[in-house]
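Enquirer: Below you'll find the structure I mean.
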Amino acid sequence: MENVDNLVLKLFEIEALKFGSFTLKSGIQSPVYFDLRVIVSYPSLMNEVADFLWQAAEKPNAKFVLLCGVPYTALPLATIMSANHNVPMLIRRKEAKDYGTKKMIEGKFKPGDTCLIVEDVVTSGSSVMETADSLSKVGIVVTDAVVLLDREQGGKQRLEHKGINLYSVCGMSGICKILEKHGKLDSPTVKQVDDFLAKNIFKPDTSGVKLTEQVSKKSKKSLRYHERAEIVAHPLSKQLLKIMDSKQTNLAFSVDVTKCQQVLELVDKVGPHVCIVKTHVDIIEDFNDDFITALQKLADKHNFLIFEDRKFADIGNTVKHQYSSGVYKINQWAHITNAHSVPGDGVVQGLKDVGLPKNRGCLLIAEMSSTGNLATGEYTKATVKMAEEQADFVIGFICTSRLTDDPRFLHMTPGVQLSAGGDSLGQQYLTPNIVIGDRGSDIIIVGRGIYKADDPSNAAKLFKEAGYEAYLKQSVDFTITEQ
Ligand code: 5BU
């Protein structure tokens, strides 16, 4: 077994460790970049790295009966460890598409099994956390993770905060020392790396906080959908952001008509232009289970999520039943639902009990579009706090403007028409440009503006274009690299 100095020198030689000026995924300039993807071209080095990883986890006595590599670079490393030490492996699917119908974890396991997560580089720790979240959703226990290179930017502490010990083969400062000792790095570069580390630490607790600080310091703009899709932890948010990115739309269609056939016809016409179809199933006169099957087929055909606008507002025990039983059994088919925060966080907890096992997500109603509504000020603030505390299930808000810069939360705004105004019952309308561009929301929710139009498909296309254009103006496309 060679020592760590030799390993670091080899990684430097094959340019897996690079020094210079790099734009990271977050938009931050970094003097160092680790690109471990290249090691697949050096099989004997891969073997060595796998050995180092095994030792790093074995020495402190990490407890595990399974291994799982974080896709993609760590997959071959975990495979070698698994084969060499005869420890079964799991594969976590990276793609969120079709989530809900496909298994996210491949391989054999039983609830309570312990699993070691294997990773190539840790920065904030969010990729390890995401993998741990997916594993724990199916009952696998994760207490340990091992990484080849720790960028020493707070990832270890953040993981510890979540109950995961991180063992590393080497850290950023150790790497610099070794390379300096062997004449590969000069001291100004080492100093630059030290300065960078001192200023760029991810704080424990809220994922994405550091990133957001950086983004909002640069501008008040938000990240592009594809960048947010990489950051968010909830698979549904990921799926939604990917749909928004690929279909170039931030339009949710509120199909508030009262016959199944009408709903289905409208959704089939409008489907190509939307990322979400929002229902009020309790206004449908001839509701039946076949309707749901047909709606799900349209969701597959046109690639959108279904949001049942049920607005739960009772104690946890009651909403749990309202969400999963009765005629509508909402948790069985609606990807997203929503709740008022007025009962306190028991409402979220109750919904979560029957929603999370089905990978559902919930929006909290932090603000409303109707005139004279009481969801303002301290109520809105407390709702945001509630969402932050239940971020494994709460994926965002119904609101009239952006409430937090935390990129995990999706802001969805009803009360949208192509010109501002209102109806006779208190609804107030703003335009897509105001909602997305000026107020920084993410998704426009449009009902009558589409289904009352002479040509609903064309109306949806106009909303889609207006919303997407506003988004392009108010978001920033950072150069993407892997870290
Ligand atoms: P409209 O036809 O575009 O006005 O429909 C708006 C939809 O959004 C409708 O289904 C409402 O129930 C829903 N809505 C809203 O308008 N305002 C709110 O504050 C909330 C929901 Br919460």
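What follows is calculated from the coordinates using simple rules that are stated; it is not laboratory data. From a predicted model like this one, the values you see are computed outputs, not experimental measurements. Note that each Cβ is placed from the backbone with ideal geometry, even for glycine, and that neighbours are counted across all protein chains shown.
Enquirer: Let me know the charge dipole size of the range 4-213 about its Cα centre in debye, to the nearest 20, where only the beta-carbon of Lys, Arg (+1) and Asp, Glu (-1) is charged. Kindly include the intermediate steps, with their values, before the conclusion.
Expert: Numbers: 26 positive and 25 negative charges, 108 e Å.
For the range 4-213, the charge dipole is close to 520 debye.
Enquirer: Place the peptides 272-283, 287-298, 379-390 in order of packing, highest mean first, counting for every residue the other Cβ atoms within 10 Å and averaging per peptide. Working shown, then result.
Expert: Numbers: 272-283: 21.4, 287-298: 15.0, 379-390: 17.4.
Averaged packing, sorted descending, gives the order 272-283, 379-390, 287-298.
Enquirer: Still on this structure, I have one more. Report, in order of residue number, the helices in the chain meeting two criteria: a C-alpha extent of 24 Å or more along the helix axis, and a mean Kyte-Doolittle hydropathy of at least -1.0; treat each whole DSSP H run as one helix. Spell out each step's value before the answer.
Expert: Numbers: long enough: 456-474 (27 Å, -0.71).
Membrane-span-like by this criterion, though nothing is claimed about a membrane: 456-474.
Enquirer: What does the charge dipole of the chain about its Cα centre add up to, to the nearest 20 debye, if the Cβ of each Lys and Arg holds +1 and the Cβ of each Asp and Glu holds -1? The partial results should precede the final answer.
Expert: Working: 57 positive and 59 negative charges, 27 e Å.
The dipole of the chain has a size of about 120 debye.
Enquirer: Can you list residues from other chains, or at least 5 along the same chain, whose modelled amide H is less than 5 Å from the amide H of residue 140?
Expert: 112
Enquirer: Counting helices only, and only those DSSP H runs with n ≥ 4, report the 222 nm mean residue ellipticity of the chain as the sum of -39,500 (n - 2.57) divided by its residues, in deg cm²/dmol to the nearest 500. Present the calculation step by step, with values, prior to reporting the outcome.
Expert: On the way: 17 runs with 190 residues, N = 483.
One gets -12000 deg cm²/dmol as the mean residue ellipticity at 222 nm.
Enquirer: What ranking do 58-68, 404-414 get when scored by the average of other Cβ atoms within 10 Å per residue, highest first?
Expert: Details: 58-68: 16.3, 404-414: 22.8.
Highest-to-lowest ranking by the protection proxy: 404-414, 58-68.
Enquirer: Find how much the distance from residue 388 to residue 103 grows on full extension, using 0.36 nm per residue of separation minus their present alpha carbon separation; answer in nm with one decimal. If you can, show how the numbers build up before the last one.
Expert: Details: separation 285, 0.36 × 285 = 102.60 nm, distance 2.75 nm.
Working it through step by step, the gained length comes to 99.8 nm.
Enquirer: Under the rule of at least 5 residues apart or a separate chain, name every residue whose amide H is placed under 5 Å from the amide H of residue 146.
Expert: 117, 118, 119, 167
Enquirer: Any idea what diffusion coefficient the range 89-201 gets from Stokes-Einstein, in µm²/s, Kirkwood Rh on alpha carbon pairs, 20 °C, 1.002 mPa s?
Expert: Numbers: Rh = 15.7 Å.
This corresponds to a translational diffusion coefficient of 136 µm²/s.
Enquirer: If you take the Cα Rg of the chain and divide it by 2.2 N^0.38 Å, with N the number of residues, what do you get? Spell out each step's value before the answer.
Expert: Working: Rg = 24.2 Å, N = 483, 2.2 N^0.38 = 23.0 Å.
Working it through for the chain, the quotient is 1.05.
Enquirer: Can you give me the long-range amide H partners of residue 171? Hydrogens built in the peptide plane at 1.01 Å from N, cutoff under 5 Å, separation of 5 or more residues or another chain.
Expert: The answer is 150.
Enquirer: Work from the charge dipole of the chain (Cβ charges, +1 for Lys and Arg, -1 for Asp and Glu, about the Cα centre) and give the residue of 366, 305, 116 farthest towards its positive end.
Expert: Selected residue: 366.
Enquirer: Placing +1 at every Lys and Arg Cβ and -1 at every Asp and Glu Cβ, with all other atoms neutral, what dipole size does the range 217-482 have around its Cα centre, in debye to the nearest 20? Walk me through the numbers before you get to the answer.
Expert: Details: 31 positive and 33 negative charges, 108 e Å.
It comes to approximately 520 debye.
Enquirer: Taking the dipole about the Cα centre of the chain, with the C-beta of Lys and Arg at +1 and of Asp and Glu at -1, give me whichever of 386, 57, 443 is farthest to the positive side.
Expert: Towards the positive end, the residue furthest out is 443.
Enquirer: Moving on to the next point. How would you rank 302, 335, going from fewest to most other Cβ atoms within 10 Å of each one's own Cβ?
Expert: Working: 302 19, 335 23.
Going from sparsest to densest Cβ surroundings: 302, 335.
Enquirer: May I ask for the equivalent-ellipsoid semi-axes of the range 331-483, computed as the square root of five times each C-alpha gyration tensor eigenvalue and listed largest first in whole Å? All intermediate terms of the calculation are to be shown ahead of the outcome.
Expert: Details: eigenvalues 134, 84, 54 Å².
Whole-Å semi-axes of the equivalent ellipsoid: 26, 20, 16.
Enquirer: Which Cα, out of 139, 201, 81, lies furthest along the positive dipole direction of the range 4-213 (beta carbon charges, K/R +1, D/E -1)?
Expert: 139
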